[in-house]
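Visitor: What follows is a single structure, and I will ask about it in a moment.
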Amino acid sequence: MTSSAVLHARVRECDRLLPRPGSVPSSTLPTVPWREFCDPSGPWLARCVEEWQERGGFRHRRAGIVLVAFRFGWLACCATVPECHLGAPVPALDDLRVAVTDEGRLAGLRPTAEPLGSPSPQQWWRQVEAAFAPLTEGLHALGGPAPDSHEYWGNPVGLLGAVLWRLDCAGLPGDAVATARALRAATGREHLLDIDAHRVPWARRNTCCQWWRANGTGYCSECVLWNSAARRA
């Protein structure tokens with residue numbers, strides 16, 4: 001059995017590796033209730049889309065919309081998947097607040113509810129799904145795809161693999177591939193994440209975050225476009 005001190009040290013190592021609630025320096029930034037952030041008639045969500053559009057220099061309007069979903073999916077997985085893997089209390093996404101920069105960027109998550117004990121993969125997914133759903137509805141209202149689109153849901157599903165791939169590369173203990181398979185199965189959207197233990201990287205998303213459209217940025221290591229003609233060129 002892992003001691004509390006060792007477990008604490010492993011969680012702190014995850015804070016060093018990933019943008020997590022305990023590591024993103026945004027204490028001076030305003031925080032917004034998550035449901036308020038997702039309200040398409042409010043000031044936050046539309047500005048976040050525009051911030052991505054401006055940062056990437058996109059002409060394709062959908063890029064900024066999808067990248068908001070990518071950003072939240074990444075932050076939510078970074079905040080919860082390491083604990084699922086290590087067997088630590090998992091931050092709860094109920095009563096979530098988010099830190100937002102002056103430019104509108106979603107800078108970090110600020111969970112306020114008591115952590116979950118040791119949730120099953122299905123319990124983990126239910127809380128991620130409940131937090132992600134209002135974002136898809138808000139983005140759809142702003143002109144994005146339908147709320148059930150894989151362009152949104154491919155992010156939290158695919159990025160659970162990206163988080164575990166990074167923990168695996170960092171040498172953290174445990175079978176990261178097995179954790180990824182268990183969490184993927186709990187989502188009911190297994191087709192959105194490809195896992196092959198004999199490949200590098202062994203986790204690959206089956207949807208695109210759209211960031212490749214920004215000039216000169218290249219492709220994610222686990223990008224669905226890994227073997228596209230443009231990438232080979």
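The values are calculated or read from the model by the stated rules, or taken from the named source; none is laboratory data. All figures in this text were calculated on a predicted structure; none of them were measured in a lab. Positions of Cβ are generated from backbone atoms using ideal geometry, with glycine treated the same way; all protein chains shown enter the neighbour counts.
Visitor: Just to be sure I understand, how many residues within segment 177-193 are touching a Lys or Arg at 6+ places or on another chain (Cβ under 9 Å), surrounded by 15 or more Cβ atoms within 10 Å (Cβ to Cβ) and farther than 17 Å from Phe70 by Cα?
Guide: Counting residues in segment 177-193 that are touching a Lys or Arg at 6+ places or on another chain (Cβ under 9 Å), surrounded by 15 or more Cβ atoms within 10 Å (Cβ to Cβ) and farther than 17 Å from Phe70 by Cα gives 1.
Visitor: Of all residues in segment 139-164, count the ones that are in a helix (DSSP H, G or I) and out of contact with any helix residue (DSSP H, G or I) (no Cβ under 7 Å at 6 or more places or on another chain).
Guide: 3
Visitor: Scan segment 200-207 and give yes if some residue there is in a loop (DSSP other than H, G, I, E, B), of a type in the set (Lys, Arg) and touching a residue at least 24 places away in the same chain (Cβ under 8 Å), otherwise no.
Guide: Scanning segment 200-207 turns up no residue that is in a loop (DSSP other than H, G, I, E, B), of a type in the set (Lys, Arg) and touching a residue at least 24 places away in the same chain (Cβ under 8 Å).
Visitor: Let me ask something additional. If you scan segment 159-176, which residues turn out to be touching a residue at least 40 places away in the same chain (Cβ under 8 Å) and surrounded by fewer than 19 Cβ atoms within 10 Å (Cβ to Cβ)?
Guide: Of everything in segment 159-176, those that are touching a residue at least 40 places away in the same chain (Cβ under 8 Å) and surrounded by fewer than 19 Cβ atoms within 10 Å (Cβ to Cβ) turn out to be Ala170, Leu172, Pro173, Gly174.
Visitor: Additional query: So Thr217 clears everything in (1) modelled with pLDDT under 90; (2) in contact with a Leu (Cβ under 6 Å, 6 or more places away or on another chain); (3) surrounded by fewer than 16 Cβ atoms within 10 Å (Cβ to Cβ) except one condition, right? Which one?
Guide: Every condition holds for Thr217 apart from (2).
Visitor: Moving on to the next point. Mind checking whether some residue in segment 47-65 is assigned to a loop (DSSP other than H, G, I, E, B), acidic (Asp, Glu), touching a helix residue (DSSP H, G or I) at 6+ places or on another chain (Cβ under 9 Å) and under 19 Å from Pro145 (Cβ atoms)?
Guide: no
Visitor: A further question follows. Take Gly143 and decide whether it is at positive phi and surrounded by fewer than 17 Cβ atoms within 10 Å (Cβ to Cβ).
Guide: yes
Visitor: Next question. From the list Arg97, Arg61, exactly one residue is touching a residue at least 40 places away in the same chain (Cβ under 8 Å), surrounded by fewer than 21 Cβ atoms within 10 Å (Cβ to Cβ), touching a strand residue (DSSP E or B) at 6+ places or on another chain (Cβ under 7 Å) and of a type outside the set (A, V, I, L, M, F, W, C). Which is it?
Guide: Checking each option against the conditions leaves just Arg97.
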